[in-house]
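Peer 1: Pasting a structure here, questions to come.
The values are calculated or read from the model by the stated rules, or taken from the named source; none is laboratory data. All of these numbers come straight from a predicted model, not from anything done at the bench. Glycine gets a Cβ as well: all are built from the backbone with ideal geometry, and neighbour counts include every protein chain shown.
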Amino acid sequence: MVDDLLERGYQNVTVLDISPTALDLARNRLGPVADKAHWLAADVAYAFLPSHAYDVWHDRAVFHFLTAPEDRAGYVQNVMHAVKRGGHVIVSTFGPEGPSTCSGLDVMRYDAQSLHDQFGRRFRLMESAKEMHQTPFGTTQQFLYCYCRVE
């Protein structure tokens, strides 16, 4: 996704991952254009993020790994802190019929209401959709996408 955003001229793009190795691989793949993005190796639930700095928050397949309530609360607090009022929040998690584990780790599964309940009233649910995702291993996993606006 960072490739497409930078190619289209978006600025103030931050890529956050808990794995410095994953970030290094992405930066190396991008080559010199990688310097146009900010790269942050941190746990998203506890990262220090700038206040009201982002118009869009996009999470594909992180939130469902946060099985501890305090981790989910830290994540939501970071979203509230970092996304501008009127900003967009797109979160993708395993849906109700998704797997209960992934890569050997327990995960949470959500429907649109239970995911929105994690975020609260400051987030207005605009749209949700489910998809059957085909994995590289030939299995399918149900994903839920929720799009909210920060009020």
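Peer 1: Enumerate the pairs (first residue in the stretch 54-70 and under 18 Å from Leu144 (Cα atoms); second residue anywhere and among the charged types (D, E, K, R) and not in a strand (DSSP E or B)) with beta-carbon separation below 7 Å, excluding pairs fewer than 6 apart on the same chain, so at least 6 apart or on different chains.
Peer 2: Within 7 Å, the pairs are Leu66/Arg72.
Peer 1: Here is a check on your reading of the model: is Gln118 touching a residue at least 24 places away in the same chain (Cβ under 8 Å), part of a strand (DSSP E or B) and not assigned by TED's automatic domain parsing to the domain that holds Val13?
Peer 2: Considered against the rule, which asks whether it is touching a residue at least 24 places away in the same chain (Cβ under 8 Å), part of a strand (DSSP E or B) and not assigned by TED's automatic domain parsing to the domain that holds Val13, Gln118 comes out as no.
Peer 1: With the requirement that a residue be over 14 Å from Val150 (Cβ atoms) and among the basic types (Lys, Arg), what does the stretch 71-97 give you?
Peer 2: Scanning the stretch 71-97 gives a single hit, Arg72.
Peer 1: Also: For the condition of a type outside the set (Lys, Arg) and within 28 Å of Asp3 (Cα to Cα), what is the one hit in Ala112, Ala61, Ala68, Ala73?
Peer 2: Among Ala112, Ala61, Ala68, Ala73, only Ala61 is of a type outside the set (Lys, Arg) and within 28 Å of Asp3 (Cα to Cα).
Residues checked against (1) surrounded by fewer than 18 Cβ atoms within 10 Å (Cβ to Cβ); (2) more than 15 Å from the chain's Cα centre (by Cα); (3) in a strand (DSSP E or B):
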{"site": "His58", "(1), (2), (3)": "yes, no, yes"}
{"site": "His88", "(1), (2), (3)": "yes, no, yes"}
{"site": "Glu97", "(1), (2), (3)": "yes, yes, no"}
{"site": "Ser114", "(1), (2), (3)": "yes, yes, no"}
{"site": "Leu125", "(1), (2), (3)": "yes, yes, yes"}
